[in-house]
Structures are given as C-alpha cells and as structure tokens.
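Values quoted throughout were computed directly from the atomic coordinates according to the rules given, and no laboratory measurement underlies them. Worth saying up front: this structure is predicted, and the values here are computed from it rather than measured. Cβ sites come from the backbone with ideal geometry, for glycine too, and all protein chains shown count toward neighbours.
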Amino acid sequence: MQLNYRLHDRIRYKTWVKLVPMRGEGLLSHIEDISSDGLGVEHERPLDIDSECHLYFMLPLAGREHIIQARCRVASCFPVEVPGRYHIGLAFESFVSDPRETSALIESFIQHNMQQPDPSQAPQ
C-alpha cells in the first residue's frame, strides 16, 4: 500500500506560469496544482532535479489578480501518461515580492478554494 501524505494542503488549480531556469530556455506552461510549499506543472520538456529557476504567475483573490514571483527548486520531474509530457514539481525557495504577504496570499487562496466545490466531481 502506498500512502500519499502531504504536509501542506494542495489544490488543483489551472493557470499559466512562466518558468525561467538559471540555465537554458524559459518555458511557458500551466499550473496543475498548488500548495503553500510549491506547485506542479506539466510540460513537454523535462527539467533537471534540484535545478533552480524563477517563476511568475497570477493568483486571483478577493476580486484582484496578484502577480506572484518566486525563486524555486525543481523537486521532481517524471513522465506522465501522455507520451512526451512531464510533471514538474517545484518547491518555493523564496518570494521576490514581500515574502510574508505572498506566503499569506497563497495560503488564503488555498483555504478559500478548498471550501469551493470541485466542478470535476459534479455528478453527470
């Protein structure tokens, strides 16, 4: 039996993200899920585990769009079911904007969205 235990709540959330690795070309992708510790994206190009990058994405909360900028580390990268695609797990290392405010904003966003019904779970 395999347990999937996470220290922090994670929600499914789809929006764009710009990743800029320290080496190599940047990539534009979509966020698959987010937690207060990091986020997951899917892309056709794998990234090296433990490599550092910067990321930029928008987070809507309280009727406003907030631009999040962070330095992160590639925590995982593995193929997904779709051939030629990879799930890339990114761990937040630090926030470029106000660290406390950004961290609190992400946590508020997660808590707010955990209370909303998941449209993918609606009966057909």
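Spin-label point model (7 Å from Cα, Cβ direction): what's the Ser103 to Met58 distance in nm?
My value for the distance between the label points is 2.7 nm.
How do the peptides 84-95, 23-34 rank, highest first, by the average count of neighbouring beta carbon atoms within 10 Å per residue?
Values: 84-95: 16.8, 23-34: 15.0.
Top to bottom by mean Cβ count within 10 Å: 84-95, 23-34.
For the pair Asp33 and Val20, how long in nm is the line joining their label points, each one 7 Å along Cα→Cβ?
Label-label distance for Asp33 and Val20, simple model: 2.9 nm.
Could you calculate the FRET efficiency of Ala91 with Glu65 from 1/(1 + (r/R0)^6), where r is the beta carbon distance between them and R0 is 25 Å, rounded to 0.05?
Details: r = 24 Å, r/R0 = 0.96.
Working from the Cβ atoms, E equals 0.55.
Using the alpha carbons of region 10-116, what is the convex hull volume per residue in cubic angstrom, as a whole number? Don't skip to the answer; put the middle values down first.
On the way: hull volume 10.0 nm³, N = 107.
Taking only Cα atoms, region 10-116 has a hull volume of 93 Å³ per residue.
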